[in-house]
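J.: Attaching a single structure in structure tokens format; questions to follow.
The values are calculated or read from the model by the stated rules, or taken from the named source; none is laboratory data. As the structure is a prediction and not an experimental result, all values here were calculated from the model. Here Cβ is always computed from backbone atoms with ideal geometry, including for glycine, and neighbour counts include all displayed protein chains. SASA here: full protein model, heavy atoms, side chains in, ligands and nucleic acids out. Shrake-Rupley method; radii C 1.70, N 1.55, O 1.52, S 1.80 Å.
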Amino acid sequence: MSQRFQITRAAELESLQMFRDFIAECCAHHNIPNEIVFELKLAVDEACTNIIQHGYKGMDPGSIVLAFRIEPDRILVQITDFGHAFEPASAPAPDLNAALEDRELGGLGLFLIYQTMDNIDYQASQDGNTLTFTKYYRP
Amino acid sequence: MNIQDIQKNGVTVVQFSGSIDALTAPAITEHLGGLISSGQIRLVVDLGGVDFTSSAGLRLLLGAVKDARAGGGDLRLAAVQPDVMKVLKISGFTNILKLFENVDDAVASFG
């Protein structure tokens, strides 16, 4: 048994809270553990922030479609946008052991997605760019 | 996002409440930058009321702690909530920032 949820919002920073609230609301009906809900909110927030700040850069802001499916042991997330394609795997990973003065300010968003989510995939086509990932959990 | 400053024993305690994301981070960055540039470099950030942070929060803390330490001060965290603590740990920030269970301990740590 699974249930699918979807929300479409403008690609603007004001939408971030709406995406997070939507995730929390949907998960609340399925007794998803709090730490899993937080990690989903974090990963979706980071992905959407990248789309808003980089994907639609130089373009009129379009939309972001967040869809996810809750299954008994996993949550499948799909985020689609219609801006510039961006390959997440091409981004450099931050150096977590660097001294304070050497730590860079960027690169952490994607890193957090990779640290908290599984089965991360990215597809770009003329119909849009789609980032998918899965979060497994113990009910 | 609400921001409030309190002075305690020569330390500026900055209280945030709400969520830190790419929308709310610039106002916090500006606030901390204003304190540091006015010479308030002994800072405690009280995160007791913050239930969410993205990497936008990490970036602003990193920038502010670098500036505070460059001036001979420091920025220390207090009352970090479990979800926010997880983000700090994953990203290695617990190694570069000093964390305290509550504001009083963080203020006292400045001596």
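J.: Given R₀ = 22 Å, FRET efficiency for A:Arg4-A:Arg138 by Cβ-Cβ distance, to 0.05?
T.: That pair, A:Arg4 with A:Arg138, gives E of 0.55.
J.: Considering all alpha-carbon pairs of the protein assembly as shown, what whole percent are spaced by more than 22 angstrom? Could you put the intermediate results ahead of the total?
T.: Values: 17246 of 31125 pairs.
Tail fraction, whole percent: 55.
J.: With a 1.4 Å probe, what is the total accessible area buried between chains B and A, in Å² rounded to the nearest 100?
T.: 2200 Å²
J.: Just to be sure I understand the interface: list residues from the stretch B:8-22 that lose 20 Å² or more of accessible area between the chain on its own and the complete protein assembly, 1.4 Å probe.
T.: For the stretch B:8-22, once contacts with the other chains are taken into account, B:Ser19, B:Asp21, B:Ala22 lose 20 Å² or more.
J.: Enter the accessible area per residue of the protein assembly as shown (Å², integer; probe 1.4 Å; all protein chains in place).
T.: Solvent-accessible surface per residue comes out at 47 Å².
J.: Sticking with this one: Rounded to the nearest 0.05, what FRET efficiency do B:Ala27 and A:Asp73 have when you use their Cβ-Cβ distance and R0 = 35 Å?
T.: Once rounded, the FRET efficiency stands at 0.30.
J.: To continue, here is another question. Could you check how much of the accessible area of the protein assembly as shown is carbon and sulfur, as a whole percent, using a 1.4 Å probe?
T.: Carbon and sulfur: 48 percent of the exposed surface of the protein assembly as shown.
J.: OK, next. Using only C-alpha positions, report the orientation-averaged shadow area of the convex hull of chain A, nm², one decimal.
T.: The directionally averaged projection comes out at 9.2 nm².
J.: Considering protein heavy atoms only and a 1.4 Å probe radius, which residues within the stretch A:16-30 exhibit an accessible-area decrease of no less than 30 Å² in the full assembly relative to the chain by itself?
T.: Buried-area filter returns A:Arg20.
J.: Also, quick follow-up: Given B:Gly73, A:Ala24, B:Ser17, which one lies farthest toward the positive end of the charge dipole of the protein assembly as shown, if we put +1 on the Cβ of every Lys and Arg and -1 on the Cβ of every Asp and Glu?
T.: My answer, from the dipole projection, is B:Gly73.
J.: How large is the charge dipole for the stretch A:3-136, taken about the Cα centre, if only the Cβ atoms of Lys, Arg (+1) and Asp, Glu (-1) carry charge, to the nearest 20 debye?
T.: Dipole about the Cα centre, nearest 20: 360 debye.
J.: Taking every DSSP beta bridge with both residues inside the protein assembly as shown, roughly what % is antiparallel (nearest 5)?
T.: DSSP beta bridges in the protein assembly as shown are roughly 70 percent antiparallel.
J.: Do the alpha carbons of any pairs in A:Lys41/B:Lys98; A:Lys57/A:Lys135; A:Lys41/B:Lys66; A:Lys57/B:Lys66; A:Lys41/A:Lys135; A:Lys41/B:Lys86 sit beyond 21 Å of each other, and which pairs?
T.: Violating the 21 Å Cα-Cα cut-off are A:Lys41/B:Lys98; A:Lys57/A:Lys135; A:Lys41/B:Lys66; A:Lys57/B:Lys66.
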